[in-house]
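Participant: Sharing a structure here in structure tokens format.
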2 protein chains.
Amino acid sequence: MGKCKIVVIGGSAAGAKAAAKARRLDQTAEITIIQKDPDLSMASCGYPYYVGGTFENRNSLLATPTGVVRDPSFFQKTKDINALVETECLLIDREAKKIECRSLKNGEMHTVGYDKLILCTGASPRRLPVPGTDLLGVTALLSMADTDFLHRVSTSGEVKNAVIIGGGLIGVEACEALVNRGVKVTLIEMVDQVLPMLDLQLAKLVENHMEAKGVVVFSGTRLAEFTGENGRIKEVRLAGGESLPCDLAVMATGVQPTVKLAADCGLNIGQLGGIEVDKFMQTSDESIYAAGDCVECVDLISGKKVLAPMGDLANLQGRVAGENAVLGNSVTFPGTTRTAICKVFDFSAGVTGLTEKQAREIGMTDIETVVNASPDKPGFMGAGLLISKLLIEKSSQKILGYQCTGNGDVSRQLATAAMAVTGGLTISDIATADLPYAPPFSLAIDHFIASSHLMQNKLKGRMKSISAEELHQLVYSGNTPFLIDGRGPDEYEVLRLGIGEKYIPLGMLRSKLSELPADKDAEIVCFCKISLRGYETALILEANGWTNVKVLEGGIMAWPYKREK
Amino acid sequence: MGKCKIVVIGGSAAGAKAAAKARRLDQTAEITIIQKDPDLSMASCGYPYYVGGTFENRNSLLATPTGVVRDPSFFQKTKDINALVETECLLIDREAKKIECRSLKNGEMHTVGYDKLILCTGASPRRLPVPGTDLLGVTALLSMADTDFLHRVSTSGEVKNAVIIGGGLIGVEACEALVNRGVKVTLIEMVDQVLPMLDLQLAKLVENHMEAKGVVVFSGTRLAEFTGENGRIKEVRLAGGESLPCDLAVMATGVQPTVKLAADCGLNIGQLGGIEVDKFMQTSDESIYAAGDCVECVDLISGKKVLAPMGDLANLQGRVAGENAVLGNSVTFPGTTRTAICKVFDFSAGVTGLTEKQAREIGMTDIETVVNASPDKPGFMGAGLLISKLLIEKSSQKILGYQCTGNGDVSRQLATAAMAVTGGLTISDIATADLPYAPPFSLAIDHFIASSHLMQNKLKGRMKSISAEELHQLVYSGNTPFLIDGRGPDEYEVLRLGIGEKYIPLGMLRSKLSELPADKDAEIVCFCKISLRGYETALILEANGWTNVKVLEGGIMAWPYKREK
């Protein structure tokens, strides 16, 4: 038997990783990467940070940590991998195990044979079915070419007003990038919130922060068309008729798996449009593996197939595909917990596991949630704020999902929760967990642990609570309950909901019970800045005979609606 | 039955938490805290940061997040808890369920009865059996009084030179605090490393960083005495005869549980000197609970009893004790994974689970370790460095422990690992884990995941490795193997070990095989900055017939010994 021929189509995250892993496991194999773009191993998740000026050296996106650009010569010399760039694959002949390619430089055709093939064809922007997408100044932020374009126009000063279409991860990151370059940005999002990976309440808190940074956000808004002048974008027209003048429009409306090659050669394509693979990352052809944005993978919580076009998963999948292509099926990629995080100006926001919305959509009813707000560390250490939502399976008390946002250390929170979800841990496991504590890093009782305590209090019936959404609905419909803000006068002066609440500092409550409703069954909602004093207020009222007392989850800090102050 | 009388002795972390939790669960109980110190609910882990000037408002250590000092009036008004400060407990009469107390203000004696008693008597400095501990200028950093003293002398300019005795958490934090105040600091530590919670290699990296910040560290050094002039400290004399002139000496030599009251009334005291409690935090008397630094708790990995005087555990235990005192034994504190973290200038350092040293000490042999070094996020985002050591049980591949240091996001690493240890996760679980990734927060393959990959490579025999300690021993004993540094010339110019290595950039290796030992069985050790290229170098050599090729774990970044450059 001669040298094994391994061909990888696609040379970004998954492809480069698969090829490198294959090389480490087989020093004699002939390994070829075929890449349509001129660049390889692009750090595509870094594109918004180059556009926004976090760094100005384009090569940083293409280089090793020591600054060597990962071009075909690098792949040849350090990895003994033949990287054919600017080469398009036209056809996979599975019978003959051959790929027909065409050079984009000179149009020459050639054929590459394989023993094992790894498809890492990635994803492409979801096309918007509106007129004007071909105008100059209408772009995505997915390729290096998009990135170069955005970097150029945002640094040259030629762009004053930009409209971003889509409030997902890339849309939100593009927002920050352009604002950092002094561009006035409007974001439009079809659904009623930015970051659809989050439940509404947390997403609204992120949206509020974006607006505080000068971004105009139109959620629940549909795009009608891009209109231009002399072939150049001039405005974005909304379905409602409104028009937004702009000199740049960024389409960040998601991606779809690039599967034409796979489909054309008869590989199974899943219902969501991605290449079907098993846990070995093997397609319906045992000589062909696939990894990265082009595949469907398993949501480990719901067991359902999902599209999860994430750079980290692409790397992990590529590693598995590369190993199995060389050694036969020996390692597995079980699936995703749909963990995601992004930076949004001074906030971070992310999720691991299911959101409540996702859980409800797939018919789960045995669930409970709680919203928690607290500092991430002691105030004297310069605390940031964390607002989170914990989702559990009620019967087993297992953690199903966790979302977090705020200007505190969201990354640690989500990493902690991702491990808890992966490990199938329950809130009892978390309630006494031994997490790293010192004042520079966390509170003595970490926010995630405190969330589990809140959940325990809720499940044990000690804390009857109401969500911001529920309370807002009551107020909005004219059924405002009796509201108590348990904070002190100084605090009330600078920050308040202003939805009809009475303010009774916790320390004076026991002497002011006469000011409360005479009807002991009246609905009362207690809160404070983060609803710790709100909780203590509620306990005192209950001990004094009031029967229908609730705590506003997360207090003022988790309130996503307009406040008086 | 009348109101339940709950008495808590000690009003710092565990005591204040236990009392507050008891109140939340029973609005009618008579709850009393008896506290010897004048202050309550002190954020004692924050003392070094007040001394060092992270903040200057002393009240921050005693106040709620909204700035209200937690004094007896606060406890009375907001919690309906009677806090007797400056009151010493002399005797517990378990038969009569009474405590004899004396006021430190006026010497008056009085008796307090209880139905349930919670002992949160904390810990006291371990006494040094050397002369001179009573000199002015010799202090600990454990009480508010110590803190006030250190704050005063370090801000007044009267201290120029300080000696810190003990390189544990508090010693190291005290170092940073005093250096931040412009004091010249020398640290002496009896054992051969700072931070004995870490294995030697990582501790040495921390020590190197401290020395880079101007601290003189004497490890493996015993104290002989403090000598003074006019009752004031003048120098610290070492057992070897050397003398260190100073005007301040901080004893940070650890703490011992304060158990006199418990022992005097006949409660069981454990072999380590702490109060014996079960998982309900109940002592050998069913009416008496105990929590915090005064108790022994279970190490969840080894199953052995340990002392774990940590602020976070004190809070978690206090919460359990408070609840069980009110409701009967209903919730548990299963134990600790001995998680700890500290800030050391620009580094952080910490551990969760067992160290290799601890595992060996208790006779574990079915273990494997790997050291990993990598950036915490992409270089273009301003990466910090992480160096970690992963410890697993070899047969089950379960993670037993993880240590991490560096100027990167150590906190997230340790929180992730703490959850993995708590959940009994294996390296396979981690190898494909879905952690929160975006460039501002981590690498596409998170450092912790990469550590599990390294461990897999090691277990599968793909990576034969050598630790820095082993290689250093070989070099030291004159048995230096053939050493290859696989980095480029620019890198070699600015940073190098200089222990006889030949530098062969990875990209040139395949054409330079003739420069390698003719003896294919010669011992060869490969490395680079973090040993990724070192690993690829080793794979190429093995494929070319060399049989005894090893990789230096963690590369140059994890090398704790002197470098040429």
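The values are calculated or read from the model by the stated rules, or taken from the named source; none is laboratory data. Just so you know, these numbers come straight off a predicted model, no measurement behind them. Every residue, glycine as well, gets a Cβ built from its backbone with ideal geometry; the counts of neighbours run over all protein chains shown.
Participant: Evaluate the range B:217-225: report whether one residue or more is assigned to a strand (DSSP E or B) and under 20 Å from B:Phe149 (Cα atoms).
Facilitator: First, pick out the residues of the range B:217-225 that are assigned to a strand (DSSP E or B): B:217-219, B:223-225.
If we keep only those that are under 20 Å from B:Phe149 (Cα atoms) too, we end up with none.
No, every residue in the range B:217-225 fails to be assigned to a strand (DSSP E or B) and under 20 Å from B:Phe149 (Cα atoms).
Participant: Taking interchain pairs and intrachain pairs at least six residues apart, which have beta carbon atoms under 9 angstrom, with the first residue in the range B:147-159 and within 19 Å of B:Pro38 (Cα to Cα) and the second in a helix (DSSP H, G or I) and among the charged types (D, E, K, R)?
Facilitator: B:Thr147/B:Arg58; B:Asp148/B:Arg58; B:His151/B:Arg58
Participant: Under 6 Å between Cβ atoms, at least 6 apart or on separate chains: pull out the pairs that start in the range B:320-335 with a residue that is over 8 Å from B:Ala22 (Cα atoms) and end on any residue that is among the aliphatic types (A, V, I, L, M) and not in a helix (DSSP H, G or I).
Facilitator: As it stands, the answer is B:Val320/B:Met281; B:Val320/B:Val331; B:Ala321/B:Ile118; B:Ala321/B:Met281; B:Ala321/B:Ala291; B:Phe333/B:Met281; B:Gly335/B:Val298; B:Gly335/B:Leu300, since those pairs meet every condition given.
Participant: If you don't mind, there's one more thing I want to ask. Just give me the residues in the range B:1-45 being in contact (Cβ under 8 Å) with a residue 60 or more places away in the chain, within 21 Å of B:Thr147 (Cβ to Cβ), buried (at least 23 other Cβ atoms within 10 Å of the Cβ) and away from chain A (no Cβ under 12 Å), in sequence order.
Facilitator: B:Gly10, B:Gly11, B:Gly15 - these are the residues of the range B:1-45 that are in contact (Cβ under 8 Å) with a residue 60 or more places away in the chain, within 21 Å of B:Thr147 (Cβ to Cβ), buried (at least 23 other Cβ atoms within 10 Å of the Cβ) and away from chain A (no Cβ under 12 Å).
Participant: Do we have B:Ala444 as more than 14 Å from B:Gly554 (Cα to Cα) and either charged (D, E, K, R) or more than 7 Å from chain A (Cβ to nearest Cβ) (or both) here? If you could, list the steps in order and put the result at the bottom.
Facilitator: Numbers: more than 14 Å from B:Gly554 (Cα to Cα): yes; either charged (D, E, K, R) or more than 7 Å from chain A (Cβ to nearest Cβ) (or both): no.
When the stated conditions are applied, B:Ala444 does not pass them.
Participant: A further question on this structure: Scan the range B:451-466 for residues that are of a type in the set (A, V, I, L, M, F, W, C) and surrounded by fewer than 21 Cβ atoms within 10 Å (Cβ to Cβ) and jot them down.
Facilitator: Taking the range B:451-466 and keeping what is of a type in the set (A, V, I, L, M, F, W, C), we get B:454-455, B:459, B:463, B:466.
Within the range B:451-466, B:Leu459, B:Ile466 qualify.
Participant: Out of the range A:331-350, which residues are surrounded by fewer than 18 Cβ atoms within 10 Å (Cβ to Cβ) and either modelled with pLDDT under 95 or at the interface with chain B (Cβ under 7 Å from one of its Cβ atoms) (or both)?
Facilitator: As a first pass, look at the range A:331-350 and keep what is surrounded by fewer than 18 Cβ atoms within 10 Å (Cβ to Cβ): A:332, A:334, A:346.
Residue satisfying the conditions is A:Pro334 alone.
Participant: Let me ask something else about it. Give the range A:428-445 a look and list any residue that's in a helix (DSSP H, G or I) and aliphatic (A, V, I, L, M), or say none. Step through it out loud before you land on a result.
Facilitator: Step one: of the range A:428-445, the residues in a helix (DSSP H, G or I) are A:428-431.
Matches in the range A:428-445: A:Ile430, A:Ala431.
Participant: Working only within the range A:508-540, note down all residues that are within 11 Å of another protein chain (Cβ to nearest Cβ), in contact with a helix residue (DSSP H, G or I) (Cβ under 8 Å, 6 or more places away or on another chain) and not in a loop (DSSP other than H, G, I, E, B). Explain how you work it out, then say what you get.
Facilitator: Looking only at the range A:508-540, we keep the residues that are within 11 Å of another protein chain (Cβ to nearest Cβ), and these are A:508-511, A:528-530, A:532-533, A:535-540.
Okay, now just the ones that are also in contact with a helix residue (DSSP H, G or I) (Cβ under 8 Å, 6 or more places away or on another chain), so A:508-510, A:528-530, A:533, A:535-537, A:539-540.
Within the range A:508-540, A:Met508, A:Leu509, A:Arg533, A:Tyr535, A:Glu536, A:Thr537, A:Leu539, A:Ile540 meet the criteria.
Participant: Any idea which of (1) modelled with pLDDT of 95 or more; (2) farther than 18 Å from B:Val255 by Cα; (3) within 20 Å of the chain's Cα centre (by Cα) is the one B:Leu313 doesn't satisfy?
Facilitator: Unmet condition: (2).
Participant: With the requirement that a residue be aliphatic (A, V, I, L, M), within 12 Å of chain B (Cβ to nearest Cβ) and either surrounded by 12 or more Cβ atoms within 10 Å (Cβ to Cβ) or touching a Gly at 6+ places or on another chain (Cβ under 8 Å) (or both), what does the range A:488-503 give you? Talk me through it step by step, then tell me what you get.
Facilitator: At the first step, the residues of the range A:488-503 found to be aliphatic (A, V, I, L, M) are A:494-495, A:497, A:499.
In the following step, the residues that additionally are within 12 Å of chain B (Cβ to nearest Cβ) were identified as A:494-495.
Residue satisfying the conditions is A:Leu495 alone.
Participant: Could you count how many residues in the range A:493-509 are of a type outside the set (A, V, I, L, M, F, W, C) and over 22 Å from A:Ser465 (Cβ atoms)? It would help to see each step written out before you state the result.
Facilitator: Residues of the range A:493-509 that are of a type outside the set (A, V, I, L, M, F, W, C), as a first pass: A:493, A:496, A:498, A:500-503, A:505, A:507.
Those left that are additionally over 22 Å from A:Ser465 (Cβ atoms): A:493, A:507.
Going through the range A:493-509 one residue at a time, the tally reaches 2.
Participant: Still on this structure: Hey, among B:Leu202, B:Leu141, B:Leu198, which residue is in contact with a Ser or Thr (Cβ under 8 Å, 6 or more places away or on another chain), surrounded by 22 or more Cβ atoms within 10 Å (Cβ to Cβ) and over 30 Å from B:Ala468 (Cβ atoms)?
Facilitator: Working: B:Leu202 fails: over 30 Å from B:Ala468 (Cβ atoms); B:Leu198 fails: over 30 Å from B:Ala468 (Cβ atoms).
Just a single option satisfies the conditions, and that option is B:Leu141.
Participant: Residues to consider are B:Thr54, B:Thr64, B:Thr32; find the one that is at pLDDT 95 or above, more than 25 Å from B:Leu327 (Cα to Cα) and not aromatic (Phe, Trp, Tyr).
Facilitator: On the way: B:Thr64 fails: at pLDDT 95 or above; B:Thr32 fails: more than 25 Å from B:Leu327 (Cα to Cα).
That would be B:Thr54, the only listed residue that is at pLDDT 95 or above, more than 25 Å from B:Leu327 (Cα to Cα) and not aromatic (Phe, Trp, Tyr).
Participant: Of all residues in the range A:467-481, which are hydrophobic (A, V, I, L, M, F, W, C) and surrounded by fewer than 19 Cβ atoms within 10 Å (Cβ to Cβ)? Spell out the reasoning first.
Facilitator: Here is the first cut: in the range A:467-481, the ones hydrophobic (A, V, I, L, M, F, W, C) are A:468, A:471, A:474-475.
Selection gives A:Leu474, A:Val475.
Participant: Something else: With the condition kept exactly as written, say whether any residue in the range B:407-427 is within 20 Å of A:Arg24 (Cβ to Cβ) and either within 13 Å of another protein chain (Cβ to nearest Cβ) or not in a helix (DSSP H, G or I) (or both).
Facilitator: We begin by selecting, within the range B:407-427, every residue within 20 Å of A:Arg24 (Cβ to Cβ); these are B:427.
Going one step further and asking which of them are either within 13 Å of another protein chain (Cβ to nearest Cβ) or not in a helix (DSSP H, G or I) (or both), we end up with B:427.
Scanning the range B:407-427 turns up at least one residue that is within 20 Å of A:Arg24 (Cβ to Cβ) and either within 13 Å of another protein chain (Cβ to nearest Cβ) or not in a helix (DSSP H, G or I) (or both).
Participant: Only one residue in A:Arg94, A:Arg58, A:Arg127 is more than 14 Å from chain B (Cβ to nearest Cβ) and within 30 Å of A:Val344 (Cβ to Cβ). Which one? Working first, answer last.
Facilitator: Working: A:Arg94 fails: within 30 Å of A:Val344 (Cβ to Cβ); A:Arg58 fails: more than 14 Å from chain B (Cβ to nearest Cβ).
Answer to the selection: A:Arg127.
Participant: Checking B:Glu491 against (1) within 35 Å of the chain's Cα centre (by Cα); (2) outside any helix (DSSP H, G or I), which test does it fail?
Facilitator: All conditions pass for B:Glu491, except number (2).
Participant: Test B:Arg232 against the criterion of being basic (Lys, Arg) and surrounded by 17 or more Cβ atoms within 10 Å (Cβ to Cβ), and give yes or no.
Facilitator: The answer is no for B:Arg232.
Participant: Can you tell me which residues in the range B:316-342 are within 18 Å of the chain's Cα centre (by Cα) and either in the same structural domain as B:Ala14 (by TED's automatic domain parsing) or among the hydrophobic types (A, V, I, L, M, F, W, C) (or both)?
Facilitator: Step one: list which residues in the range B:316-342 are within 18 Å of the chain's Cα centre (by Cα), which gives B:316, B:335-342.
Scanning the range B:316-342 gives B:Leu316, B:Ala340, B:Ile341, B:Cys342.
Participant: What single numbered condition from (1) out of contact with any Phe, Trp or Tyr (no Cβ under 9 Å at 6 or more places or on another chain); (2) closer than 26 Å to B:Ala43 by Cβ fails to hold for B:Gly231?
Facilitator: Among (1) out of contact with any Phe, Trp or Tyr (no Cβ under 9 Å at 6 or more places or on another chain); (2) closer than 26 Å to B:Ala43 by Cβ, the lone unmet condition for B:Gly231 is (2).
Participant: Output the number of residues of the range B:111-145 satisfying the condition of being more than 25 Å from the chain's Cα centre (by Cα), over 24 Å from B:Ala14 (Cβ atoms) and not β-branched (Val, Ile, Thr).
Facilitator: The number of residues fulfilling the criteria is 6.
Participant: When you look at B:Val277, is it among the β-branched types (Val, Ile, Thr) and more than 28 Å from B:Lys116 (Cα to Cα), yes or no? Write out each step before concluding.
Facilitator: Values: among the β-branched types (Val, Ile, Thr): yes; more than 28 Å from B:Lys116 (Cα to Cα): no.
Spelling it out, it is not the case that B:Val277 is among the β-branched types (Val, Ile, Thr) and more than 28 Å from B:Lys116 (Cα to Cα).
Participant: Among the residues of the range B:355-385, what is the count of those that are within 13 Å of chain A (Cβ to nearest Cβ) and either outside any loop (DSSP other than H, G, I, E, B) or in contact (Cβ under 8 Å) with a residue 40 or more places away in the chain (or both)?
Facilitator: Step one: list which residues in the range B:355-385 are within 13 Å of chain A (Cβ to nearest Cβ), which gives B:373-385.
Right, trim to either outside any loop (DSSP other than H, G, I, E, B) or in contact (Cβ under 8 Å) with a residue 40 or more places away in the chain (or both) and you get B:373-381, B:385.
Residues that pass the stated criteria total 10.
Participant: Identify, by number, the condition in (1) in contact (Cβ under 8 Å) with a residue 24 or more places away in the chain; (2) assigned to a helix (DSSP H, G or I); (3) surrounded by fewer than 20 Cβ atoms within 10 Å (Cβ to Cβ) that B:Phe448 doesn't meet.
Facilitator: For B:Phe448, the failing item is (3).
Participant: Residues to consider are B:Leu104, B:Leu136; find the one that is surrounded by fewer than 18 Cβ atoms within 10 Å (Cβ to Cβ), touching a Lys or Arg at 6+ places or on another chain (Cβ under 6 Å) and among the hydrophobic types (A, V, I, L, M, F, W, C). Reasoning before the result, please.
Facilitator: Numbers: B:Leu104 fails: touching a Lys or Arg at 6+ places or on another chain (Cβ under 6 Å).
It is B:Leu136.
Participant: Further question on the same structure: Give me the pairs: first residue in the range A:458-486 and modelled with pLDDT of 95 or more, second residue assigned to a helix (DSSP H, G or I) and of a type in the set (Asp, Glu), beta-carbon distance under 9 Å, and six or more apart or on different chains, which are they?
Facilitator: Taking only residues 6 or more apart or on different chains, the pairs are A:Lys464/A:Glu542; A:Asp485/A:Glu491; A:Gly486/A:Glu536.
Participant: For the structure I just gave you, tell me whether B:Ile99 is of a type outside the set (Ser, Thr, Tyr), closer than 20 Å to B:Glu30 by Cβ, within 14 Å of another protein chain (Cβ to nearest Cβ) and surrounded by 14 or more Cβ atoms within 10 Å (Cβ to Cβ). Outline the logic, then answer.
Facilitator: Values: of a type outside the set (Ser, Thr, Tyr): yes; closer than 20 Å to B:Glu30 by Cβ: yes; within 14 Å of another protein chain (Cβ to nearest Cβ): no; surrounded by 14 or more Cβ atoms within 10 Å (Cβ to Cβ): yes.
Criteria not met by B:Ile99.
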